[in-house]
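One structure is given below, encoded as C-alpha cells.
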Amino acid sequence: MSFYISYPMKSAVVLYIPKGTTKEIITQLKSQNYDVSKVDAYITRLFGFTQSGYIEMPSTTLTKGEFLYYLVKSKAATRKFTLIPGETSYFFLRDLASAYNLNIDKLEKLYNQKFPYTDGVILANTYYLPYTASEERLTDILLDTSMQEQKRLAIELTGSYNQKKWFKVITKASIIQKEAANTSEMPIISGVIDNRIKIGMPLQMDGSLNYGKYSHIRVTPERIQNDKTTFNTYKYLGLPKEPSGSVSIAAIKAALHPAKVPYLYFMRNDKGTHNFSTTYQAHLNNVEKRQKTLDITDKAR
C-alpha cells in the first residue's frame, strides 16, 4: 500500500470534479485518462468526501496518495483580478468579460442595473473570484462583496454608514486618487478641493473628466467644451454626482481628513509631483517655470 500511494502521477493544476459519489468521480477521472482505479475510491473516502466543481491542485506532479488527498482537501480554484486605484469599471468589466468569455453587453447591463453608482463601489484591491461564473453570478458576487466592505469601512472610519453621504466621500476620493502624484499629496489635494468648494470656485480638475471609457484619455479643450456631465468640473460647481473611478483606502482617508492648507492651485512639476500655490499669480509663475523647463528639454533633444 505504501508503494501504491507513493506512485507518481500527473494532474492538471485546475481540475474539474463532477457531482456524484466518490466512486462515480473516480470513474469519470479514469475516463479522462487519469491513472486511477476502483480501489482509489476507497482510499479517497479515508480522507473525507470529494468536492465538486473546479479545484486547484498544488502541482502537476503528485504521488497518488497526494492526488487522492487533494481531491478532498483542495481549495476551490479561483481567478485573480486586480482593480488598480483610479481605474474605471468600464475597463475592469472588459477584463472580466475577456477572462470569463462573457458577453460584455450583458455584463454591463446587469452591472448598471444592480450597482448604485457607475464607479467607486468596487474598491481598488485584488479579488479572487470563482474559476467559472455567469454574468449574473459575477455581478452579484462583486456587488455583495463591495457593499459589505464599503459599509465596514464607513463604520470603521466615521462611526456610521449612510450610503448617500458615504459615496460623496468616495466621489471626492476618486478625484483625489486621480490627481495626487503619491499618497503624501492626497490630504493636500483634499484640502484644495475643500478650499475651492468653500469659495464657490469650480474644481477644474482633469481627474473628474477621466471617467468611464475616458479613463486613459488626455483631457482636451474640446472635451471640456463638449462634455455635459457633472464630471465636467470646469463647467459645474462642486463634486460630480458620483465617483469617477476606483479608490484606495489612502484616498478615502484623505477625503475624510483634508490637510489644513491655504492652497487653491497646483500643477505637475518636472519631478512628477505637484507645486501648490495660494494665488493665481503664483500659479502662473509655476506654469511659466515649468514651460521654460520643457523648452530647455526640447532644445536639448
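Among residues belonging to the range 147-180 that are of a type in the set (Gly, Ala, Ser) and surrounded by 18 or more Cβ atoms within 10 Å (Cβ to Cβ), point out the one that is nearest to residue 232 (Cα to Cα).
Restricting to residues being of a type in the set (Gly, Ala, Ser) and surrounded by 18 or more Cβ atoms within 10 Å (Cβ to Cβ), the top hit is 174.
If residue 267 satisfies all but one of (1) touching a helix residue (DSSP H, G or I) at 6+ places or on another chain (Cβ under 6 Å); (2) in a loop (DSSP other than H, G, I, E, B); (3) under 29 Å from residue 83 (Cα atoms); (4) not hydroxyl-bearing (Ser, Thr, Tyr), what's the number of the condition it fails?
Of (1) touching a helix residue (DSSP H, G or I) at 6+ places or on another chain (Cβ under 6 Å); (2) in a loop (DSSP other than H, G, I, E, B); (3) under 29 Å from residue 83 (Cα atoms); (4) not hydroxyl-bearing (Ser, Thr, Tyr), only one is false for residue 267: (2).
Which one of the conditions (1) under 21 Å from the mean Cα position of the chain (by Cα); (2) part of a loop (DSSP other than H, G, I, E, B) does residue 218 fail to meet, given that it meets all the rest?
The single condition residue 218 does not satisfy is (1).
Residue pairs, Cβ under 7 Å, 6 or more apart or interchain, first in the range 164-181 and over 28 Å from residue 269 (Cβ atoms) and assigned by TED's automatic domain parsing to the domain that holds residue 233, second outside any helix (DSSP H, G or I) and hydrophobic (A, V, I, L, M, F, W, C). List them.
Pairs that qualify, where the first residue is over 28 Å from residue 269 (Cβ atoms) and assigned by TED's automatic domain parsing to the domain that holds residue 233 and the partner is outside any helix (DSSP H, G or I) and hydrophobic (A, V, I, L, M, F, W, C), are 168/239; 170/247.
Quick one: which helices (runs of 4 or more DSSP H) lie wholly within the range 1-66 and hold at least 3 residues that are charged (D, E, K, R) and more than 21 Å from residue 78 (Cβ to Cβ)?
Output list reads 22-31, 38-47.
Being among the hydroxyl-bearing types (Ser, Thr, Tyr) and surrounded by fewer than 19 Cβ atoms within 10 Å (Cβ to Cβ) is true for just one of 139, 132. Which residue is that?
Details: 139 fails: surrounded by fewer than 19 Cβ atoms within 10 Å (Cβ to Cβ).
Answer to the selection: 132.
Restricting attention to the range 23-56, which residues are aromatic (Phe, Trp, Tyr) and either in contact with a Cys (Cβ under 6 Å, 6 or more places away or on another chain) or more than 11 Å from residue 71 (Cα to Cα) (or both)?
Scanning the range 23-56 gives 34, 42.
So, in the range 97-116, how many residues would count as being surrounded by fewer than 17 Cβ atoms within 10 Å (Cβ to Cβ) and closer than 20 Å to residue 148 by Cβ?
Residues in the range 97-116 being surrounded by fewer than 17 Cβ atoms within 10 Å (Cβ to Cβ) and closer than 20 Å to residue 148 by Cβ: 3 in total.
Condition first: at pLDDT 90 or above and basic (Lys, Arg). Now tell me which residues in the range 13-29 satisfy that.
Result: 23, single match.
The values are calculated or read from the model by the stated rules, or taken from the named source; none is laboratory data. Bear in mind that the values here come from a model prediction, so they are computed numbers and not experimental data. Glycine gets a Cβ as well: all are built from the backbone with ideal geometry, and neighbour counts include every protein chain shown.
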